[in-house]
1. Output the residues belonging to segment 818-829 that are in contact (Cβ under 8 Å) with a residue 60 or more places away in the chain and buried (at least 19 other Cβ atoms within 10 Å of the Cβ).
2. Could you go through segment 524-544 and let me know if any residue there is touching a His at 6+ places or on another chain (Cβ under 9 Å), more than 20 Å from GLY586 (Cα to Cα) and assigned to a helix (DSSP H, G or I).
3. Need pairs with beta-carbon distance below 6 Å; first residue closer than 18 Å to LYS510 by Cβ and within segment 639-659, second in a helix (DSSP H, G or I); sequence gap 6+ or separate chains.
4. Being under 16 Å from PRO15 (Cα atoms), assigned by TED's automatic domain parsing to the domain that holds LEU14 and surrounded by fewer than 14 Cβ atoms within 10 Å (Cβ to Cβ) is true for just one of GLN67, GLN59, GLN84, GLN41. Which residue is that?
5. Counting just the residues of segment 601-622 that are more than 14 Å from PHE695 (Cβ to Cβ) and among the aliphatic types (A, V, I, L, M), which one comes out farthest from the ligand (Cβ to nearest atom)?
6. Go through the residues of segment 741-760 one by one and say whether even a single one is surrounded by fewer than 13 Cβ atoms within 10 Å (Cβ to Cβ) and within 27 Å of VAL402 (Cβ to Cβ).
7. Quick check on my filter: what residues within segment 88-132 are more than 16 Å from the ligand (Cβ to nearest atom), over 19 Å from GLU703 (Cα atoms) and in contact with a helix residue (DSSP H, G or I) (Cβ under 9 Å, 6 or more places away or on another chain)?
8. Determine which member of the set GLY255, GLY234, GLY243 is on the phi < 0 side of the Ramachandran plot, surrounded by fewer than 16 Cβ atoms within 10 Å (Cβ to Cβ) and not basic (Lys, Arg).
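The values are calculated or read from the model by the stated rules, or taken from the named source; none is laboratory data. Fair warning: this is a prediction, and the values are worked out from it, not measured in the lab. Cβ sites come from the backbone with ideal geometry, for glycine too, and all protein chains shown count toward neighbours.
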Amino acid sequence: MFMSIAPCYLLPQLPESLAGLAELALDLRWSWSYAADAVWQKVAPELWARTRNPWLILQNISGETLQALAQDAAFLALLEGHLQRHRNELTDPGWFEQKYPKAPFQKIAYFSMEFGLSEALPIYSGGLGILAGDCLKTASDLGVPMLGIGMLWQQGYFRQSLDDCGRQLELYPYNDPTQLPVTPVRDADGEWLRLSLPFPGREVILRAWQAQVGRVTLYLLDSNDPLNSPADRGITAELYGGGAEMRLEQEICLGVGGWFLLRRLGIQPEICHLNEGHAAFAILARAYSHMRDHGTDFPCALNATRAGNVFTTHTPVSAGFDRFAPELLARYVEGAPEAFGIDVQTILALGREHPDDPHEPFNMAWLAIRGSILINGVSALHGAVSRRLFQPLFPRWPEAEVPVTHITNGVHVPSWDSAEADALWTRRCGKNRWRGDLGDLPERFQQASDAELWQLRSVARQRVIHFAREALQRQLAAAHRPAEECQAARTALDPNTLTLGFARRFTAYKRPNLLLTDPDRLYRILRNPRYPVQLLIAGKAHPRDGAGKAMIQEWTRFLRQHPDLFGRVVFIADYDMLVAGHLVQGVDLWINTPRRPWEASGTSGMKVLVNGGLNLSELDGWWAEAYTPEVGWALGDRGEHDHDPEWDRREAEELYRLLEEEIVPLFYHGRDDSGCPCGWVARMRQSMAQLSPRFSTNRMLQEYVEKLYLPAAQYLRARQQRTQTESICRWHDQLAAHWQGLRFGELHAQSRDGVLHFQVHIYLDDLEADAIEVQLFANGEGTAEPEIHAMERGEALTGAINSFTYFCDVTTQRPAEDYTPRIVPKHPLVRVPLENSRILWYR
Ligand SMILES: *Cc1c(COP(=O)(O)O)cnc(C)c1O
């Protein structure tokens, strides 16, 4: 299976003894392994340090260097040893195979608009993509049988440069596929695989590429084929660029194109994981395939296939859902019946709250809900927020029962740890610590000594300062600043000063200027003569986010007004995975100030954990469940305050107070004889030991497997037989036909010895009694879950047809008035209310 494709046209002629280099370079496994460093350092030390991109190295290497390496016995031994370890690792049975040898699925297809795997493959914009990348890498580590489906963006997301006044310049360098670690996907005849996707009035050709991510293959589509019109060639140019129509075209390429690609490759994934609603058209494509394969109608096909779809929502506000004008979507559906295969009204209904409202736009998240079997938000808080956002699809159902659970995000630890942190964790917890169960890691890591931890921190701080100085020099030179200033950048920042990091998208809800609320106070904190503080900042604003750009300028203005902060605060341009990697490894404290509940999870703060960085963050997203006083610091009162400027001021005040009174003193005081700040290090130890495993994608992917993939595969299996799906369809039809006829009769409640006895009469019209369940419901007290008791069917009512008494006993202190009977649909193979949201309350 190794290297079936020889990408010789892209590379200089490699001597045979060095052929392994191409195999290694094309597997992004190097992006999360320090084992490969020795090899690439030897091949091209400078390029490696600068780009960490082996593929680029191979393309730039001279014939002479290659000849010299081919003669170097020590290098050949190094290469051979590494290659062997690499291959063994790819074939070792992983966590998944060992734990679930009889898993009811063979393949998971993970659809995502963006994947952030490495700067060598820049096809992501931010957190969503990084999560997708981290997820694939973890699937490789754990041996979870996953493949990825995404897009090969010709320009990816924009690159940022800052002019002299702090204005953001947006640059769009071209992602030349021959310079990316991807290869064309070949079909059985060795031809480059091209898909022909029906679009209105034309076919759009999609080229298929693949990237190797350890054991996982990531398939990428792009439309930049010379056979396409210039406009169509641009569909996959810019991630999150263009207008609504472009976005719709991109999402059709991802969902429908992605599904067509799997069919062409003969891959039949049981599970399709939709990472955010962008990919929801895959639901329609999958159902349409089922219709053609089995000759069923659309409702049956959707019933059969949705059991294999799971959906992760990342959006904390309703405005964040992708919506399309009905006329626009109709043009694409009617203009390309071979792609969709279903009539436009049926499709529109799936994306609407009120299917019959012709003006309601088409909501991709609604489609994703209606086409999936399990849905999750990305933190406990975001799960609750999502239940609120999706509540309109489940009218009259209590919010707590809206079928959205949560699986909190994590980060792929080996991608974000420093070499020194990797070494320390290996000493304490062994080499395979991120490849399986995480159970005893906290206890084992607790054993790390103060000296080890403080040494790690000190080295890491020095490294990030070195990185920041170089970045600053390059930026100043590019901005034509005077030579003395460029020179001064070489000594900017101080290796013994408390170093704060602050990097994120510059947009209003992240409040990247909260620290600037009182500029004089910030200035005093930074310039404190005895206990100084320094700050590293980075972040891009979306090209159309004027407010975000203004906030970048606000920082620049602040720095301009205080020239003596030159060596104390550095704004690093072009925040990307490389910059992020350096920052999260090096800073002492990571600051995050979003407006709750807008940070669905947030992951940048998780990246500092393994490296011994501490967090000071708003109690939002992941931090709302991670924070305890022994691991870091928190802002906010767990309430939501919208855009209240007064509240922003209070939180800024709290931010300054924490820095002045708690954080800075903890860092500088209480040092032992060797200079180690014991209180600070104690927090580091707790934060590292308790939180790194918990907020890793290792834990997250295990939860995906156990809470999403395995149960979904069970539902799917149960629907594999046609008779089953037909019975489910008949059940839906029956409910639709007779629900209106359901009626409650009298309710009686009696109290006896602390037991409440309930009895209610129900008239079922023509509905089979087994098609429904009668439940007794009471709201949860305080924050508790609601109480739900199934009522038992008793005797038929005399003189009435198909009508029964239902009863149940409840042992409780609560009054009978707290309880209400209700009728809900019931089918052993169907999820209610997700798949049928009818409900009838007694009152
Ligand atoms: C981790 C990361 C993000 C996401 O950070 P959040 O704090 O979750 O917004 C964005 N961009 C880059 C480059 C990252 O590495």
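1. Here is the first cut: in segment 818-829, the residues in contact (Cβ under 8 Å) with a residue 60 or more places away in the chain are 819, 821, 823, 825, 827, 829.
TYR819, PRO821, ILE823, PRO825 - these are the residues of segment 818-829 that are in contact (Cβ under 8 Å) with a residue 60 or more places away in the chain and buried (at least 19 other Cβ atoms within 10 Å of the Cβ).
2. So far as segment 524-544 goes, yes, one or more of its residues are touching a His at 6+ places or on another chain (Cβ under 9 Å), more than 20 Å from GLY586 (Cα to Cα) and assigned to a helix (DSSP H, G or I).
3. From residues that are closer than 18 Å to LYS510 by Cβ, the pairs are HIS641/TRP647; ALA652/LEU514.
4. The match here is GLN67.
5. We begin by selecting, within segment 601-622, every residue more than 14 Å from PHE695 (Cβ to Cβ); these are 612, 616, 618-620.
So of that shortlist, the ones also among the aliphatic types (A, V, I, L, M) come out as 616, 619.
Working: LEU616: 13, LEU619: 15 Å.
In this case the residue turns out to be LEU619.
6. Going residue by residue through segment 741-760, those that are surrounded by fewer than 13 Cβ atoms within 10 Å (Cβ to Cβ) are 741, 746, 748, 750-755.
Filter again for within 27 Å of VAL402 (Cβ to Cβ), leaving 741.
Yes: segment 741-760 contains one or more residues that are surrounded by fewer than 13 Cβ atoms within 10 Å (Cβ to Cβ) and within 27 Å of VAL402 (Cβ to Cβ).
7. Matches in segment 88-132: GLU89, LEU90.
8. Values: GLY255 fails: surrounded by fewer than 16 Cβ atoms within 10 Å (Cβ to Cβ); GLY234 fails: surrounded by fewer than 16 Cβ atoms within 10 Å (Cβ to Cβ).
The match here is GLY243.
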